[in-house]
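Single-structure report; data block below.
The values are calculated or read from the model by the stated rules, or taken from the named source; none is laboratory data. Since the model is a prediction, treat every value here as computed from it, not as a measurement. Because the Cβ atoms are built from the backbone with ideal geometry, glycine has one as well, and the counts that use them run over all protein chains shown. Please note that ligands, DNA and RNA were not included when accessible areas were found on the heavy atoms of the full protein model with its side chains. Shrake-Rupley method; radii C 1.70, N 1.55, O 1.52, S 1.80 Å.
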Amino acid sequence: MDKKIVITGATSGLGRALAERFVAEGWRVGAAGRNARALAELSRLAPGRVITSEIDVCREDAPERLRKLAEALGGMDIYLHCPGILLENPKLEVTPEVKIAETNAIGMARMTAEAFRWFEETGQPGRLVAISSVAGCRGLGAMPAYSASKAFCQTYLEGLRQRADELKLPLRVVDIRPGWTRTPLLDPSRSYMLEMDSGRVTPMIFKAVLRAKRVATIGLRWRVLTFFERLVPGAVWQRLHLPLWKDSE
């Protein structure tokens, strides 16, 4: 039978790259995002195997649109949540901070909760996967809203994992945590700490989705770094000001 995956945030960055990879591997793909032109380009990759839907995770109708997309696809074996934004906001102005939280945290809860309900109602074995970030491991002074929103993702997925176990659902909940990856999300005028190329990261995330381990930190150096980050006492962490990026010369 055809393998089916629904991907939100499929119109740019890692979401777009992963959608193309799953199409190339023969999957039926339900691609969702805000960019109608990018969705049309995806649908032309494999007519009949790619179904698209314009979905903004910040809108209240997003869960209904997600369910309709899954039904149009004929079900889903995997739900993959990729949307995310990173806005530079050194003055901590309210609007950008709230926008980050609305997209990365509230939007994520809105969509993954609906996907969870779909798997619970259908009883179909599957995987619920979301891309969070290594930034969610500790609070970052350079980007408090972003790191907090990714910490929300990680804790929310842990809660869904526990709930799936309590309900005895044949559902694996997967948290994928990439390090800095060169996508349109990043400022092109900067070099980021331990930055990775998206061409290298995409296959690793693809494998992590299929392996379905609870947590997958992408990149060996990032696995080592985040391991030691968790060992740092809060009082010490407060005084650490890691150089997350530098401006290109």
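Selection of strands (runs of 3 or more DSSP E) fully inside the range 91-200 by the criterion of at least 1 residues being of a type in the set (D, E, K, R), open to solvent by less than 70 Å² (accessible area, probe 1.4 Å) and in contact with a helix residue (DSSP H, G or I) (Cβ under 6 Å, 6 or more places away or on another chain) returns 171-178. Of everything in the range 1-24, what is touching a residue at least 40 places away in the same chain (Cβ under 8 Å), assigned to a loop (DSSP other than H, G, I, E, B) and under 21 Å from Pro125 (Cα atoms)? Give them in sequence order. Of everything in the range 1-24, those that are touching a residue at least 40 places away in the same chain (Cβ under 8 Å), assigned to a loop (DSSP other than H, G, I, E, B) and under 21 Å from Pro125 (Cα atoms) turn out to be Asp2, Lys3. One residue stands out among those in the range 201-221 that are hydrophobic (A, V, I, L, M, F, W, C) and part of a helix (DSSP H, G or I): the one that is farthest from Glu25 (Cα to Cα), which is Leu220. The set of residues from the range 1-47 being within 19 Å of Thr183 (Cβ to Cβ), open to solvent by less than 10 Å² (accessible area, probe 1.4 Å) and under 15 Å from the mean Cα position of the chain (by Cα) comprises Ile7, Thr8, Ala10, Gly15, Leu18, Ala19, Ala31, Ala32, Gly33. For the range 48-57, does any single residue satisfy the condition of being among the small types (Gly, Ala, Ser), crowded, with 22+ Cβ neighbours inside 10 Å and either farther than 26 Å from Arg110 by Cα or in contact with a helix residue (DSSP H, G or I) (Cβ under 6 Å, 6 or more places away or on another chain) (or both)? Taking every residue of the range 48-57 in turn, none turns out to be among the small types (Gly, Ala, Ser), crowded, with 22+ Cβ neighbours inside 10 Å and either farther than 26 Å from Arg110 by Cα or in contact with a helix residue (DSSP H, G or I) (Cβ under 6 Å, 6 or more places away or on another chain) (or both). Within the range 71-90, restricting attention to residues that are of a type in the set (D, E, K, R) and assigned to a loop (DSSP other than H, G, I, E, B), the residue that is nearest to Pro188 (Cα to Cα) is Glu88.
Taking the conditions (1) in contact with a strand residue (DSSP E or B) (Cβ under 9 Å, 6 or more places away or on another chain); (2) at pLDDT below 95 in turn, Pro184 satisfies each one other than (1). When each of Val209, Val236 is tested for being out of contact with any Leu (no Cβ under 7 Å at 6 or more places or on another chain) and among the aliphatic types (A, V, I, L, M), the lone residue that passes is Val236.
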